[in-house]
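Take a look at the structure below.
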Amino acid sequence: MRILLLGSGGREHALAWKLSQSVWTNPLFIAPGNPGTARIGNNVDLDINDFAAVGKFCLFENIELVIVGPEEPLVNGIYDYFKGHEELAKIHFIGPSKAGAQLEGSKGFAKAFMSRHGIPTAAYREFTIDNYEEGVEYLQNHTLPVVLKADGLAAGKGVVICLNHVEAVAEFELMIQRSKFGDASKKVVVEDFLTGIELSVFVLTDGNSYLTLPEAKDYKRIGEGDKGLMTGGMGAVSPVPFATSDFMKKVDDRVIKPTVEGLRRENIEYTGFIFIGLINVGGEPYVIEYNCRMGDPETEVVIPRLENDLVGLCIAASKKELHKTTIQTDPRAAATVVAVSHGYPGPIEKGYEITGLEDNYGKQSMVFQAGTTARDGKIITNGGRVFTVTSFGSDLTEAVNTSLDVLGYIGFDGMYFRNDIGYEFMTDTEIAGEEE
Ligand code: GLY
């Protein structure tokens, strides 16, 4: 089967790695890909938001399956573009319609959807310039902390947790009056702050039925102990010990089923991944956010634990036959640790050579590239999150420690990573690098 995967990050390298293992895959194209994906498929220099160019490539190469990695083309309507062109409409397509992608593209849409379908989430109100003064008054009387979310896509930066009222009103003004996140913050969702531990749940749906993939937890802060600035993600683990079968049954009954059923009832076409960001509040699941794609770096632990053939799952989803299959999961734990450039998530310098970079380090570890590029036969840094090392282990401690060992072989100027990924779940109190 001739496959095109869109995207270029660690998530797409992990998806490409899995797709390349399928007997059905021949050939695999990745647009635009990265030097890691170039070793397992054919990178194609395409702008993935130029739908006409993507469509033309698909027709020229007789592509039979398209899988969309990142949210932007989905929110911009790539699914609708393909379904609106007769020759492209026949291609199996993994990714929701523009209407479905609103689950991620508009926080206000997602909150209203949850409210319509009785899905547990924090109480909220939404404001624009039209009810700005009301918003200020609402914030001044809100319990603290209070959460402000830019309605639209803001490259993962649109959520601000404010600890006092002055900060909250200032942030509100920046978002609405001064377009802090451009058009994305013309509307702001103000939410109650929920206290608990977060969990990422991934669902593949064909619009009628669905399969739940292995769950994961990511670590968003730059500093150890979950301190400092928010990032795109500094590491992830799977499984998540508090995601017991009792808890996951609540997630299934109260969140996943009503989400898939709600999309179906509202005639929103959705064939693809739903990433549900949850918080466990005293044993009860609440939805923090939906995303219309897989998570990054969660994919780098979820996909290695998935034993099913990924091409088979995608085709089953496209044919609305997911009810005929079940998910098979590798019982081993997996952990991924992300190596980032000095200064990330602020300004960074690029262009440093990465030494010691191999595709895998024994059967238990894999490297997934993200912000890298090739120059003069060398792999050099080209972004904030540069690569991630995923390892299997008999438990999370072993998986994390193995990834940290592998990171000891790889280097570039200014490389930084967290030593404490999975710290809450360690089987002993020692974390690698801190042992005597
Ligand atoms: N790890 C969070 C995300 O992919 O949005």
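Worth pointing out:
- Segment 288-331-segment 207-255 distance, computed between alpha-carbon centres (Å): 15
- Over segment 1-140, accessible surface divided per residue gives 41 Å², non-protein components excluded, 1.4 Å probe.
- Placing +1 on the Cβ of every Lys and Arg and -1 on the Cβ of every Asp and Glu, with nothing else charged, gives the chain a dipole about its Cα centre of roughly 1120 debye.
- Span from the segment 3-19 Cα centroid across to the segment 78-149 one, whole angstrom: 26
- Dipole-positive endmost among Gly408, Thr373, Val389 within segment 365-418 (Cβ charges, Cα centre): Thr373
- Sites Arg264 and Leu144, calculated FRET efficiency, Cβ-Cβ separation with R0 45 Å, nearest 0.05: 0.70
- Charge dipole (debye, nearest 20) of segment 386-428; +1 at Cβ of Lys and Arg, -1 at Cβ of Asp and Glu: 160
- Overall, the accessible surface of segment 98-222 at a probe of 1.4 angstrom is composed of carbon and sulfur to the extent of 52 percent.
- For segment 150-220, with +1 on Lys and Arg beta carbons and -1 on Asp and Glu, the positive-most of Gly196, Ala168, Gly207 along the dipole: Ala168
- Of all accessible heavy-atom area on segment 226-294, the percent that carbon and sulfur account for (1.4 Å): 53
- Among Thr271, Pro258, Gln177 the positive-end extreme of the charge dipole of segment 169-298 (Cβ point charges): Gln177
- Comparing Gly384, Gly36, Gly84 in a Gaussian network model of the chain where C-alpha atoms under 10 Å apart are linked, the largest mean-square fluctuation is found at Gly84.
- Converting phi to 3J(HN,Hα) with the Karplus coefficients 6.51, -1.76 and 1.60 and the offset θ = phi - 60°, segment 30-38 yields 10, 10, x, x, 8, x, x, 5, 5 Hz in sequence order, with x at every glycine or proline.
- Heavy atoms of His342 accessible to a 1.4 Å probe, total area in Å² rounded to 10: 140
- log₁₀ of I(q)/I(0) at q = 0.14, 0.23 Å⁻¹ - segment 340-436, Debye sum with one point per alpha carbon: -0.55, -1.18
- Dividing the C-alpha radius of gyration of segment 1-45 by 2.2 N^0.38 Å, with N its residue count, gives 0.95.
- Hits among lysines - C-alpha to C-alpha of Lys378 under 27 Å, sequence gap 8 or more where chains match: Lys18, Lys350, Lys363
- In Å, descending, principal axis extents of the Cα set of segment 203-302: 43, 26, 20
- Stretchable slack from Asn419 to Arg125, in nm (0.36 nm times residue separation minus alpha-carbon distance): 102.0 nm
- The chain: proportion of alpha-carbon pairs further apart than 41 angstrom, %: 12
- Contour excess over end-to-end distance, with Cα ends at Ala170 and Arg2 and 0.36 nm allotted per residue: 55.4 nm
- Across segment 64-184, Cα pairs under 8 Å and at least six residues apart give a relative contact order of 19 percent.
- Here each label is just a point 7 Å from Cα along the line to Cβ, and for Lys350 and Ile197 those points are 3.8 nm apart.
- Accessible surface, per residue, of segment 262-348 when the full set of protein chains is kept, probe 1.4 Å, Å²: 35
The values are calculated or read from the model by the stated rules, or taken from the named source; none is laboratory data. Computed from a predicted model, the values in this text were never measured in an experiment. Don't worry about glycine lacking a Cβ; one is built from the backbone with ideal geometry, like all the others, and counts go over all protein chains shown. Accessible surface is based on the protein model in full, side chains and every heavy atom, while ligands, DNA and RNA are left aside. Shrake-Rupley method; radii C 1.70, N 1.55, O 1.52, S 1.80 Å.
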